[in-house]
Each structure stands twice: as C-alpha cells, then as structure tokens.
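Okay, so here's the structure we're looking at.
The values are calculated or read from the model by the stated rules, or taken from the named source; none is laboratory data. Only a predicted model underlies this, so the values are computations on that prediction, with no experimental measurement involved. Positions of Cβ are generated from backbone atoms using ideal geometry, with glycine treated the same way; all protein chains shown enter the neighbour counts.
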C-alpha cells in the first residue's frame with residue numbers, strides 16, 4: 001500500500017469513528033485532553049504502519065490498542081512521580097490485551113454523548129466550541145475547519161489548543177453531566193450544531209453561498225445526538241436542519257448563482273429530507289411539552305416545505321410562529337424575519353413599518369440583511385430610488401461574494417417589482 005492510500009484509509013476511519021475513538025480513550029484514561037492527544041499519536045503511527053503492512057482487519061481496534069499502549073508508556077514514565085499514575089499504569093497493564101475493554105458497545109453511546117458535552121462546555125468560547133466539536137466529534141482536520149470558517153489554519157490550531165488547556169485548567173471530567181446540568185449543557189451542544197449548519201447553509205464570507213459539506217456534518221451530528229439524547233428540542237433541531245437542507249438542490253442555478261425561494265424549482269427539493277424533517281418534527285410535537293426555539297423554526301420551515309408555491313404558503317401561520325419564537329428568544333433577526341412574513345401576509349407597507357422600527361432602534365446596523373430586505377420591500381412599493389440606495393448599502397456590508405453578486409443584480413429595479421423579499 002502506498003503512503004497516499006494509507007493516508008486515505010486513515011482519514012476515512014478517522015472521519016467515521018473519531019468520536020468513538022476519542023471517547024473510548026477518554027473513558028479509559030479519565031482525561032479528555034490526553035485522549036485526543038493519544039488518538040492523534042495513534043493516527044500518526046497508522047500512517048507509517050498501514051503503508052507498510054496494509055490496513056488491519058479491525059482498523060478502529062488497531063487505533064484504540066495503539067492509543068492504549070501509548071497511554072501505558074506515558075503513565076509508566078510518570079509512575080515514579082505520582083503514586084496515582086503507578087496504580088493506573090498497573091491496572092492498564094493487567095487488563096486483557098486488545099481493544100475490547102476500550103471499545104465496549106454498551107458504553108459507546110455514553111462516550112460519544114460525553115464527548116459532545118465536553119466539546120461544547122460553557123467554559124469555552126463559542127469559537128472554541130465550534131472548532132473543538134468539528135475536530136473531536138466530527139473528525140475534521142484543522143485545515144478543513146479553517147477553510148470552513150475562512151480563518152488561517154494556525155488560528156484554528158490555537159483555538160483547539162487553548163480549548164483543551166481551558167478544559168484541563170477547569171478540571172472538566174470526562175463524564176455526562178448530572179441533574180440540572182444536562183438541560184443546561186444540552187442547550188450549548190444544540191447551539192453549536194445549529195451554528196455549524198447555519199454557516200454551511202448561509203456562508204458568512206468567501207465565494208460560495210452554500211457549503212454543503214459543513215451543513216452535512218451538522219446534520220450528521222444532529223442525527224447522532226437525537227439517537228443519544230432523544231429530547232423534544234433535539235428532534236426539533238434535526239427537523240429544522242433536514243427541512244432547510246431539503247431546499248439546497250434548488251438554491252443554486254447551473255452557474256452556481258443563488259436562487260431565491262420565489263424562483264426555486266420546488267421539484268428539485270429533496271423529498272426524502274422533507275419526510276425525515278417532518279417525522280422529526282412530529283416527534284417533537286408528540287412529546288406534548290410545547291415546541292422550543294428549534295421546533296418553532298422547524299415548523300416555519302415545514303410551512304415552506306409543504307407549500308406548492310410562495311403564493312400558496314401559509315404566511316399567516318408563519319407570522320404567528322415568528323411571534324411565538326420572538327417571545328421565546330427575542331432577537332432583531334427574528335423580528336426581521338417576522339417583518340418579511342408580515343409583508344407577504346399583509347402587504348409590503350406593513351412589513352416595511354416593522355423594518356423601519358428595527359432600523360430606528362439601531363439594531364442590526366452592521367448587517368447587510370436589514371438594507372437588503374428593506375430594499376426588496378421598497379421595490380414592491382415602487383419607491384425605486386430609495387430601494388437602490390438600500391441595496392447599495394447591503395452590497396457594501398455583505399461579506400459573501402455570491403450573495404453580493406445577487407444583490408448587484410437586483411439594482412436593475414427597472415425590470416419591475418419582485419414578488420417577495422429574500423428568505
């Protein structure tokens with residue numbers, strides 16, 4: 001096997017099984033930071049060994065056994081300094097050889113869930129949670145994460161290193177949280193998965209409008225999470241991601257240019273994703289606890305998914321859902337989205353009044369979304385000069401090249417009013 005083939009095999013195993021490998025090693029050693037380092041060392045050894053000896057019959061077991069041996073070696077070196085390490089090294093050495101002790105099927109789910117809770121621990125910054133989750137749960141390399149979030153590789157590496165040091169300094173144990181901490185920490189996990197998907201669905205910068213790989217990774221994490229923690233809001237998040245991703249095939253034209261909702265060919269929407277999303281939403285609703293923020297957003301996405309056209313969409317229901325969402329999690333972005341729905345349900349003048357109220361409060365001053373949506377509503381009202389001014393402002397603020405190009409095309413307001421604002 002060539003070195004290139006070995007690298008491909010290592011990367012494939014790591015992408016699929018990284019969470020279980022790191023989780024098993026963390027349970028084994030009781031140290032999350034050490035486990036991640038041991039896993040990386042095992043990968044480095046696999047690159048050399050597999051290119052010479054070929055891929056083993058049980059590659060995950062091979063990596064776990066290698067990581068285990070590295071742990072034993074390290075603990076033996078430290079044994080003279082600390083009686084605790086002496087005891088652990090003896091216990092590790094006395095266990096049956098192989099990876100069975102590590103890769104206990106009964107503990108796998110708890111391992112992965114604990115890993116997700118640790119990667120999204122509240123002591124870490126939002127940026128650190130994103131990077132660490134993609135690294136240790138998603139199995140992505142530093143270069144992939146850096147490319148996804150348009151930052152230099154050293155920046156991502158520094159975030160991951162700092163995150164691990166923070167977890168170690170805070171003495172965060174490798175264990176599932178208990179009692180009230182579960183709901184508190186689960187919210188952090190859901191937020192990280194949601195943020196990863198949002199960046200994949202609407203890229204904040206760069207040349208691409210959608211990053212399907214990043215969005216797919218978020219959906220994969222959500223599917224893992226709903227299996228490990230089948231709570232209503234977890235089903236709500238999965239439903240939102242599936243229903244939103246269902247529109248991906250129609251969001252770009254043949255030239256990779258953005259296509260707004262009103263112009264999309266709904267026959268291209270992924271019906272399988274819609275069915276999965278609606279099934280997950282039904283599970284959230286069926287719990288009988290009322291929908292949370294993700295469940296409400298999924299309900300809005302469902303309104304779009306079942307409508308045959310923009311005109312036939314139940315905009316009144318969407319307005320009500322946004323009102324409920326705004327009461328649950330107040331946000332100027334939610335208010336802006338509600339204004340869009342109001343414009344569709346009651347006319348652009350009603351929507352514009354809400355947009356102007358957001359503007360007067362000074363909210364979203366640095367966002368391109370506010371002037372972009374305002375410009376759309378002004379076009380529908382026939383106020384072309386004001387619309388052009390708003391769109392120029394949106395173009396100046398927009399950080400994504402594809403979306404900026406779409407806004408530039410709208411500057412030709414002489415072609416007549418559009419039927420709806422962007423969604």
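Which condition number does residue 140 fail, the rest of (1) farther than 25 Å from residue 367 by Cβ; (2) surrounded by fewer than 19 Cβ atoms within 10 Å (Cβ to Cβ); (3) at pLDDT below 85 being met?
(2)
For a quick check of your reading of the model, give me the residue pairs whose first member lies in the range 181-198 and is farther than 11 Å from residue 221 by Cβ, whose second is in a helix (DSSP H, G or I), with beta-carbon atoms closer than 6 Å and at least 6 apart or on different chains.
Going by the 6 Å Cβ cut-off, the qualifying pairs are 185/117.
Mind listing whichever residues of the range 382-405 are in contact (Cβ under 8 Å) with a residue 40 or more places away in the chain and over 25 Å from the mean Cα position of the chain (by Cα)?
Within the range 382-405, just 405 meets the criteria.
Suppose the filter is farther than 21 Å from residue 281 by Cα, surrounded by fewer than 19 Cβ atoms within 10 Å (Cβ to Cβ), modelled with pLDDT of 85 or more and touching a helix residue (DSSP H, G or I) at 6+ places or on another chain (Cβ under 6 Å); does residue 163 pass it?
no
Going through the range 34-57 one residue at a time, which ones are more than 12 Å from residue 21 (Cα to Cα) and either touching a strand residue (DSSP E or B) at 6+ places or on another chain (Cβ under 8 Å) or surrounded by 19 or more Cβ atoms within 10 Å (Cβ to Cβ) (or both)?
Passing the criteria: 34, 46, 50, 55.
Determine, yes or no, whether residue 255 is more than 14 Å from the chain's Cα centre (by Cα) and either crowded, with 20+ Cβ neighbours inside 10 Å or outside any helix (DSSP H, G or I) (or both).
yes
Looking at (1) at pLDDT 85 or above; (2) farther than 22 Å from residue 63 by Cβ; (3) touching a helix residue (DSSP H, G or I) at 6+ places or on another chain (Cβ under 8 Å), which is the one condition that is false for residue 148?
(1)
Please work out which one of (1) surrounded by fewer than 17 Cβ atoms within 10 Å (Cβ to Cβ); (2) closer than 22 Å to residue 20 by Cα; (3) at pLDDT 90 or above is the condition residue 175 fails and give its number.
Going through (1) surrounded by fewer than 17 Cβ atoms within 10 Å (Cβ to Cβ); (2) closer than 22 Å to residue 20 by Cα; (3) at pLDDT 90 or above one by one, residue 175 breaks only (3).
If you take the residues in the range 280-298 that are over 19 Å from the mean Cα position of the chain (by Cα) and assigned to a helix (DSSP H, G or I), which one is surrounded by the most Cβ atoms within 10 Å (Cβ to Cβ)?
Ranking the qualifying residues of the range 280-298, first place goes to 284.
Take residue 298 and tell me if it is under 16 Å from residue 233 (Cα atoms) and touching a helix residue (DSSP H, G or I) at 6+ places or on another chain (Cβ under 9 Å).
Yes; evaluated as a whole, the condition is true for this residue.
Listed residues 96, 80; which is farther than 30 Å from residue 178 by Cβ, modelled with pLDDT under 85 and touching a helix residue (DSSP H, G or I) at 6+ places or on another chain (Cβ under 9 Å)? It would help to see each step written out before you state the result.
Working: 96 fails: touching a helix residue (DSSP H, G or I) at 6+ places or on another chain (Cβ under 9 Å).
Just one listed residue meets the conditions, 80.
Check residue 88 against each of (1) within 20 Å of residue 23 (Cβ to Cβ); (2) outside any helix (DSSP H, G or I); (3) modelled with pLDDT under 60 and name the one condition it does not meet.
Unmet condition: (2).
Given the criterion more than 23 Å from residue 202 (Cβ to Cβ) and under 16 Å from the mean Cα position of the chain (by Cα), identify the matching residue among 115, 124.
115
Can you tell me how many residues in the range 217-252 are assigned to a loop (DSSP other than H, G, I, E, B) and at pLDDT 90 or above?
Residues meeting the conditions: 5.
Check off (1) surrounded by fewer than 21 Cβ atoms within 10 Å (Cβ to Cβ); (2) more than 28 Å from residue 185 (Cβ to Cβ); (3) at pLDDT 85 or above for residue 6 and give me the number that stays unchecked.
Checking residue 6 against (1) surrounded by fewer than 21 Cβ atoms within 10 Å (Cβ to Cβ); (2) more than 28 Å from residue 185 (Cβ to Cβ); (3) at pLDDT 85 or above, the one that fails is (3).
Touching a helix residue (DSSP H, G or I) at 6+ places or on another chain (Cβ under 6 Å) and outside any helix (DSSP H, G or I): is that true of residue 319 in this structure? I'd like the intermediate steps shown before the answer.
Numbers: touching a helix residue (DSSP H, G or I) at 6+ places or on another chain (Cβ under 6 Å): yes; outside any helix (DSSP H, G or I): no.
For residue 319, the condition - touching a helix residue (DSSP H, G or I) at 6+ places or on another chain (Cβ under 6 Å) and outside any helix (DSSP H, G or I) - is not met.
Residues in the range 115-152 that are closer than 18 Å to residue 37 by Cβ and not in a loop (DSSP other than H, G, I, E, B): how many?
Within the range 115-152, residues that are closer than 18 Å to residue 37 by Cβ and not in a loop (DSSP other than H, G, I, E, B) number 13.
When you go through 349, 341 one by one, which is the residue that is surrounded by 14 or more Cβ atoms within 10 Å (Cβ to Cβ) and either modelled with pLDDT of 95 or more or part of a helix (DSSP H, G or I) (or both)?
341
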